[in-house]
Structure formats: C-alpha cells, structure tokens
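Some notes on the structure that comes next.
Nothing in this text is a laboratory measurement; each read-out follows from the coordinates by a stated rule. Given the structure is predicted, the values throughout are model-derived calculations rather than measurements. Every residue, glycine among them, receives a Cβ derived from its backbone with ideal geometry; neighbour counts consider all protein chains shown.
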C-alpha cells in the first residue's frame, strides 16, 4: 500500500491530503485567521473563583472567558492530598463497593492561586475552555506526563513480544522516576535510539515550559500546541509514507528543522513542490476533494 502526504499552503488556509494508493483517505483544512485551536496549550493561570457546590474552579488564562477546572482534573501533588482522599472515600464507602471520591475543591485551590493548566476542550458558546492540571506533552512515539510516574503502553500494541521489547528499552533509558510516559501506537518497531532521542526532546521541552512558568506572571501562554502542519508531521509522517510534499518554502524549512530533531531518517522523503501547476491539481487531489462535497456520491457497488 502506497501512502503519501500532500500539504497545500496559502495565505488563508492550509490543506492536508493523506492518500493511500492515490486515493484520499484523510483530508484536513485549517484556517488560522478564522479559528485557533486551543486544545493542548499550556497556560500559567490564576484562580478567579472557587465553587465547592459545583466541585470546580474558574481559572483566568487570558482568553477573555475563564477556563473551567473540575476537582477530578486537579493533579494530586499538594500536601495532604492522599489523606484527604482517604478520608473522603471512607465517608462515602458503602457496603456494596468503594466509590472513588474527591476532597472539596476549596481544599485544593483558593482564589488568587497560580497554577499550570492545559486545555482539554475548546470553549463553546458562553462556556470557557475545560482545563486540567494533568499536563501531557505528546511526541511521535511517547507522551510525557510530568505530574505522573507510571509507564503505559497503547492497547493497540497487541504483541506481547513487542510490548516486552519496548518496556526493556524504556527501562534501559533510565527515565526520570518522578515523571511518566505513555507509549503511542506509532512506537511499534521504533528503535532504542528513536526512544532516546524523543524522550530527551520531550524532557527538554518540559524544562523550557517550566523555565517560562517561573518567569511569567499569570495569565500567560507557556506552550502552544502545534498547528496542522507540524501535527501531521509528528503524528502521521511515519516510515510507511513514501512521499511528503509541500508547496511552501517556509513550511518546508520548518518541517525539515522539526524532523532534524524528531526523526532525521524521514527527511529524505520530504520534498518541496516547485512546479507551476498547483500541487493538488498535479496529483489529481483537487477533483477528489470536489467529489467529497458533492450531494450525490457514487458507490463502488453502482449505487
């Protein structure tokens, strides 16, 4: 199966087409000037109000609307959390089962507190963004969880031999014990060098975020999730992609620099398109996109 990625960049939008055997399998459009993706962004915020009845706090992260932070989304890293959780659970315990319960949000946060948060859900209407303090920084093969300390593997990695191989590699890397990692599905077949390079990259990125957090006054954006171009490069540009072509010189350089750090072996498949004919017309992608928006779709069965 031949897999290819094409990206068309204009002043107003970026279009991504992922082809398998010359047919569009996935298609994405991002218009930076219309909407801005906030999910994944990390902020240093200030607690504006605490609502014990709702089990939540509103946090000012500088977006106009305060973000919403549930008690269940607060990392248990403050003194006495375990004691509070045990006491709360004991009070709620029933003869049938133990129900997981949380201490009051007012015992965790106070108005005026500063906290690091990450957006997990976009603002909708009058509601602000949903936040969490369970921060995670994704890479190609790994997801770094700075406030967790366990190693997890994607359930889609089904082979026991592969899971054991990956665990042995991670043990050999001697990763920080106070931090956790999740191994993504794309890590199947990745080498020890791949894991080593990416773990160093993610740890350095987290140190950079922490450094900014120490100097910044809330509300402040500390880390912005990648746009569609770098997200596709990180998540979909894998070893089974035979061609990755883009028609913007600036974006080509940005991707090349990104790959130099993350996956240098893939740079040989990256190409800058420079012909006169538009990229999507050259590879018959434009016509396929038009069919997507047709009111009538012809099925292979003839229907």
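At a threshold of 8 angstrom on Cα-Cα distance, excluding pairs fewer than six apart, so keeping six or more, what relative contact order does the chain reach in percent?
On the way: 491 pairs, mean separation 62.2, N = 303.
That works out to 21 percent.
Going by Cα centres, segment 232-303 and segment 107-182 are how many Å apart?
Rounded to whole Å, the Cα centres lie 29 Å apart.
Where q = 0.11, 0.13, 0.18, 0.24 Å⁻¹, what log10 of I(q)/I(0) comes from the Debye formula for segment 114-211, counting one point per Cα?
With no solvent term, the Cα-only Debye profile gives -0.38, -0.51, -0.85, -1.28.
Can you give the Rg/Rh ratio of segment 172-232, where Rg is from the C-alpha atoms and Rh is the Kirkwood radius? Before the final figure, lay out each step's value.
On the way: Rg = 14.4 Å, Rh = 13.9 Å.
Checking Rg against Rh, the ratio lands at 1.03.
Computed over the Cα atoms, what is the radius of gyration of the chain divided by 2.2 N^0.38 Å, N being its residue count? The partial results should precede the final answer.
Details: Rg = 22.8 Å, N = 303, 2.2 N^0.38 = 19.3 Å.
Scaled against compact globular proteins, the figure is 1.18.
Tell me the label-point distance for the pair residue 26, residue 49, using the 7 Å Cα-to-Cβ offset, in nm and rounded to one decimal.
With each label placed 7 Å out from Cα toward Cβ, I get 4.0 nm.
Would you mind estimating how fast segment 134-186 diffuses translationally, via Stokes-Einstein at 20 °C and 1.002 mPa s with the Kirkwood radius over Cα pairs, in µm²/s?
Working: Rh = 11.3 Å.
Calculated translational D: 189 µm²/s.
Largest first, please: the extent of the C-alpha atoms of segment 145-303 along each principal axis, to the nearest Å.
The principal-axis extents, from largest down, are 56, 45, 33 Å.
Based on alpha-carbon positions alone, could you give the equivalent ellipsoid semi-axes of segment 249-303 from the gyration tensor, as √(5λ), descending, whole Å? Please list the in-between numbers first.
Details: eigenvalues 229, 46, 18 Å².
Each semi-axis is √(5λ); the values are 34, 15, 10 Å.
Using only Cα atoms, tell me the angle between helix 81-92 and the longest principal axis of the chain; keep it within 0 to 90° and round to the nearest 10.
So the helix axis and the longest Cα principal axis differ by about 80 degrees.
For the chain, what is the mean residue ellipticity at 222 nm derived from helices alone (per DSSP H run of n ≥ 4: -39500 (n - 2.57); sum divided by total residues; nearest 500 deg cm²/dmol)?
On the way: 8 runs with 88 residues, N = 303.
Here the helix-only value at 222 nm equals -9000 deg cm²/dmol.
Multiplying the sequence separation of residue 111 and residue 193 by 0.36 nm and subtracting their Cα-Cα distance, what value in nm do you get?
Details: separation 82, 0.36 × 82 = 29.52 nm, distance 4.57 nm.
Using 0.36 nm per residue and subtracting the Cα-Cα distance, I get 25.0 nm.
With angles folded into 0 to 90 degrees, how steeply does helix 192-215 sit against the dominant principal axis of the chain? Use alpha carbons for both and round to 10.
60 degrees
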